[in-house]
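Note sheet for the following structure.
The values are calculated or read from the model by the stated rules, or taken from the named source; none is laboratory data. Model, not experiment: these values are computed from the prediction. Backbone-built Cβ (ideal geometry, glycine too); neighbour counts: all protein chains shown.
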Amino acid sequence: MIHNERGVVLFIALVFLLVLTIAGVSSVQTTSLEERMARNTHDSVLAFQAAESALREAEAFVRNNVSSTAPFTPAGNNGLWSAAAYTDQDRWLVANVWNDGSSLSRQTNSSLALVAAQPRYIVEWVATVERETNANLIDSSYNAVSDRVEIFRITARGVGGTTNASVLLQSTFGKFF
């Protein structure tokens, strides 16, 4: 009987070794997947932060440098656009608008580390809103700063650690004139 039982021990040892190998390979694959997920999340967060910094810089640009709507054209003069007609393509989808060196968008003044490309933005002049006399405000304590507000749409694009991760953010910005 001893001669018949020797093969069973070898078989059980090989099955046990196979189970351990499958568990090891599965563990390596899971770790690799989690590492890629963490890297992609980092890239996405980096792209979001780059786009947000470009958005804030664009708002400061409009606040401090725009004194009229004359520079805003349908051709995108140095990243300053007039709003697209309803039937036209959105400005942020125009070919080459986000390319480095393009005059269709503006690059931020700050130089961000760890990003594959520096963030860029475009500013669109959307509308003029003028205050008209309102009977409800007569003899009230309401004092408007100005009678005219220019409305701008700012679109910013940020890129993460690789060009595969990019984020577009938009804000609407009003400036009193």
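Which is at positive phi and either out of contact with any helix residue (DSSP H, G or I) (no Cβ under 7 Å at 6 or more places or on another chain) or of a type in the set (Gly, Ala, Ser) (or both), of ASN96, ASN65? Step through it out loud before you land on a result.
Values: ASN65 fails: at positive phi.
The unique qualifying residue is ASN96.
Would you pick out the residues in the stretch 54-97 that are surrounded by 18 or more Cβ atoms within 10 Å (Cβ to Cβ), within 15 Å of the chain's Cα centre (by Cα) and in a helix (DSSP H, G or I)? Across the stretch 54-97, the qualifying residues are ALA54, LEU55, GLU57, ALA58, TRP92. Only one entry of ALA117, ALA144, ALA127, ALA156 meets the criterion of being in a strand (DSSP E or B) and modelled with pLDDT under 95, and that entry is ALA127. Is it true that some residue in the stretch 58-65 is out of contact with any Lys or Arg (no Cβ under 8 Å at 6 or more places or on another chain), farther than 21 Å from ASN164 by Cβ, at pLDDT 90 or above and of a type in the set (D, E, K, R)? Yes, some residue in the stretch 58-65 is out of contact with any Lys or Arg (no Cβ under 8 Å at 6 or more places or on another chain), farther than 21 Å from ASN164 by Cβ, at pLDDT 90 or above and of a type in the set (D, E, K, R). The residues of the stretch 162-177 that are surrounded by fewer than 17 Cβ atoms within 10 Å (Cβ to Cβ) and assigned to a loop (DSSP other than H, G, I, E, B), listed by number, are THR162, THR163, ASN164, PHE177.
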